[in-house]
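Below you'll find the structure, written out as structure tokens, and then a few comments.
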Amino acid sequence: MIQVPIIKETALTLMDKAAIDIPDDYLTGLQKAADTEEGDLSSFVLNAMLENYQAAKEDRRAMCADTGVPRWYVKMGNEAQISGGPVALEEALRGATAEATTGVPLRPNRVHPLWRTDHNNNVGLNAPEIEYSFEPDADWIDITTVHKGGLFGSDYRMLFPGDGIEGIKRFFLDCLVAFGKRGLACQPAIIGVGLGGSKDITMVLGKQAACLRTVGDRNPDPKVAELEMELKELGNSIGMGAMGFVGKSMVIDCHIECGFTHTGGMPMSVHAFCLSSRRAVARIHRDGRVEYRTDPNWFTPYMRRETIGWQSTTASLKQSV
Amino acid sequence: MAIDHGKLKTVSLTVPVTTEDLKDIEIGTIVYLNGVVYTAREGIYKKVLEGGEQLPAHLAEISNANFHCSPAASQNADGTFNIGAMTGTASFRFSKWLEKWFKVSGAKIIIGKGGMTSEDYKKYFVPNGAIYLTTVGYGTGALLGRGIKSIKDVHWYDELGVAQAMWMVNVENFGPFIADSDLAGNSLFERENEKVKAGIDKLYEGTRAPALRRYGETNDRGDEVI
Ligand code: SF4
């Protein structure tokens, strides 16, 4: 049985880590971009960012004062049990969000869309979002927090099969150029692309592709993986860099996730996970042990399953013995 | 500051500034600030320009640098404040208030994210001898947080909250910022847009417009979304 106080404490630590420590995979990617960037203004921006991550770490202060809109991803092992159940889990995550807002401190970004009511703690109606996934043959829970910027850099479009890969590339360019000018999307970014699904799922897949996969990770479908590399290159050949200045660093990596969609359509979403690509992950084991990491490992084979059932690995192991 | 500035011109200014101080700033100059800087965005603009409330007395003598931003800050039990980081927010949305704002505030420097259009610069900034500085990146919140030495004052905190209150902060070596405009009203972003435009047109050559159009959509690659 996983105890709720441990979940709360872990969630608080995660909020702190996400806001302050840039994940290594993104940092390495940005360093590479800084090494090869030739535009003088773009280079200056990348160097300033590298210095900024260092300052954040040394002083334990938020890397960007727009601390984004903190949200949670929970992956529950099929055998995991939580004292108090999912209701207690959600209360712990909401509580940790509020406490970390004053503790780190974060900016209380969340307000009512019409009345602009601010609870000063990043908690409110439908906030923070908590998304769930499950994992067979596991008794742990993985908790990930992502603090994504909230204003620019994502878009959706209904494309059709006839638009083809060319149509995908064109919409990809549209988004990068539109939000890249003046650097509204705070590039270079990890670009997530959602392809297929229904409109809501198209958006969810694209966002998860941007926020929950690490730099260097490739989609297991070799053709999709190839398209990821192609789009990355395309983005970096626009001639634009950080802040929209002349340069060549727009995309640190590109991730695509697909979902089965209406036979007549090919909906697509694009999401930019900005210069403050903030994510932190912890696995809480049944015995209360906690392990921290920065790779959410969200898209497991189970998550990407294509057929009705799922063959349990332990069951198949048992069978094979 | 350990950032590699390359060949970029770098200037340090003390706020309040005079228009004379801004003469040497070219678009693309790297700027650091010392003195006092205050935050003001839609919350303050509405209060003062639409609600008729009074600004703190002698504001322009204390500071004439208006930062479009909100800090990541919290209040301690003893009522004092703790500022961690500071990051600009996109300025283009505030253009409709600027004409009046320059008049009542006496601002000479506007700081924010992403600049404004050169049209705005020529209409509102040039007549007031003011320039626009953009934050860098834009995520350099920790570096800017480091440049804040203390909080001088907070106005309208109870009514407007952390994000919209007017924070007056004492700063030292506060930056880096990049000058987007100069006293003539030129824009660095627009110059850069112009430079990348040829490449963008080339990338789009041969691609086809999607089957389903969007109402009001244009195919002018020189367009901006602000
Ligand atoms: S997009 Fe990201 S880096 Fe840019 S201001 Fe927002 S949170 Fe900060």
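For this structure, a couple of remarks:
- Looking only at the stretch B:69-92, residues that are more than 13 Å from the ligand (Cβ to nearest atom), farther than 16 Å from B:ILE151 by Cβ and in a strand (DSSP E or B) come to 0 in all.
- Residue match in the stretch A:67-84 (condition: hydrophobic (A, V, I, L, M, F, W, C), away from the ligand (no atom under 16 Å from the Cβ) and surrounded by fewer than 18 Cβ atoms within 10 Å (Cβ to Cβ)): no
- Residue within the stretch A:260-270 that is touching a Phe, Trp or Tyr at 6+ places or on another chain (Cβ under 9 Å), among the polar types (S, T, N, Q) and either modelled with pLDDT of 95 or more or assigned by TED's automatic domain parsing to the domain that holds A:LEU46 (or both) present: yes
- Residue that is farthest from B:GLY137 (Cα to Cα) [pool: residues in the stretch A:233-244 that are in contact (Cβ under 8 Å) with a residue 60 or more places away in the chain and either among the acidic types (Asp, Glu) or part of a loop (DSSP other than H, G, I, E, B) (or both)]: A:ILE238
Here is a yes/no grid of residues against (1) free of Cβ contacts under 8 Å to residues at least 40 places away in the same chain; (2) part of a helix (DSSP H, G or I); (3) in contact with a helix residue (DSSP H, G or I) (Cβ under 8 Å, 6 or more places away or on another chain); (4) more than 14 Å from the ligand (Cβ to nearest atom):
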| residue | (1), (2), (3), (4) |
| --- | --- |
| A:VAL45 | no, yes, yes, no |
| A:ASN52 | yes, yes, yes, no |
| A:ARG61 | no, no, yes, no |
| A:PRO86 | yes, yes, no, yes |
| A:ALA98 | yes, yes, no, yes |
| A:ASN109 | no, no, yes, no |
| A:ASN122 | no, no, yes, no |
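- A search for C-beta distances below 8 Å between a residue of the stretch B:132-143 that is more than 17 Å from B:GLY84 (Cβ to Cβ) and any residue that is within 9 Å of the ligand (Cβ to nearest atom), counting only pairs 6+ apart in sequence or on different chains, returns B:THR134/B:GLY88; B:THR134/B:LYS113; B:VAL136/A:MET49.
- Of the residues making up the stretch A:245-303, those that are more than 16 Å from A:SER154 (Cβ to Cβ), outside any strand (DSSP E or B) and within 13 Å of chain B (Cβ to nearest Cβ) number 6.
- Residues that are part of a loop (DSSP other than H, G, I, E, B), of a type in the set (Lys, Arg) and surrounded by fewer than 17 Cβ atoms within 10 Å (Cβ to Cβ) within the stretch B:187-226 comprise B:ARG208, B:ARG213, B:ARG214, listed in sequence order.
- Inside the stretch B:47-91, residues that are within 10 Å of chain A (Cβ to nearest Cβ) and farther than 19 Å from B:GLY112 by Cα make up a count of 5.
- Candidate set: the stretch A:266-295, residues that are closer than 29 Å to A:GLY149 by Cα, more than 16 Å from the ligand (Cβ to nearest atom) and of a type outside the set (A, V, I, L, M); chosen: the one surrounded by the most Cβ atoms within 10 Å (Cβ to Cβ): A:SER269
- Checking the stretch B:131-140 against the condition returns a match, with at least one residue being among the aromatic types (Phe, Trp, Tyr), under 26 Å from A:ALA242 (Cβ atoms), in contact with a strand residue (DSSP E or B) (Cβ under 7 Å, 6 or more places away or on another chain) and within 15 Å of the ligand (Cβ to nearest atom).
- Wholly enclosed strands (runs of 3 or more DSSP E) of the stretch A:139-232 bearing at least 1 residues closer than 27 Å to A:LEU93 by Cβ and within 16 Å of the ligand (Cβ to nearest atom): A:141-148, A:189-196
- Selection within the stretch B:92-131: residues that are of a type in the set (D, E, K, R) and under 25 Å from A:GLY183 (Cα atoms). The member of this set that is nearest to the other protein chains (Cβ to nearest Cβ) is B:LYS113.
- Subset of the stretch A:311-321 that is part of a loop (DSSP other than H, G, I, E, B) and surrounded by fewer than 14 Cβ atoms within 10 Å (Cβ to Cβ) - its residue that is modelled with the lowest pLDDT: A:VAL321
- Scan of the stretch A:52-66 for residues that are at the interface with another protein chain (Cβ under 7 Å from one of its Cβ atoms), of a type outside the set (Gly, Ala, Ser) and surrounded by 20 or more Cβ atoms within 10 Å (Cβ to Cβ), ordered by number: A:ASN52, A:ARG61, A:MET63, A:CYS64, A:ASP66
- Test: residue in the stretch B:112-127 that is in contact (Cβ under 8 Å) with a residue 60 or more places away in the chain and part of a strand (DSSP E or B): no
- Residues of the stretch B:49-81 classified as touching a strand residue (DSSP E or B) at 6+ places or on another chain (Cβ under 9 Å) and surrounded by 15 or more Cβ atoms within 10 Å (Cβ to Cβ), total: 17
- Qualifying residues in the stretch B:91-139 (those that are aromatic (Phe, Trp, Tyr) and under 20 Å from B:LEU33 (Cβ atoms)) - the one nearest to the chain's Cα centre (by Cα): B:TYR132
- Positions within the stretch A:182-191 being at pLDDT below 95 and over 15 Å from A:GLY150 (Cα atoms), in sequence order: A:ARG182
- Residue count for the stretch A:33-49 satisfying the condition of being closer than 16 Å to A:SER277 by Cα and surrounded by fewer than 19 Cβ atoms within 10 Å (Cβ to Cβ): 0.
The values are calculated or read from the model by the stated rules, or taken from the named source; none is laboratory data. Small disclaimer: the values here were computed from a predicted structure and weren't measured. FYI the Cβ positions are ideal-geometry reconstructions off the backbone, even for glycines, and counts take in every protein chain you see.
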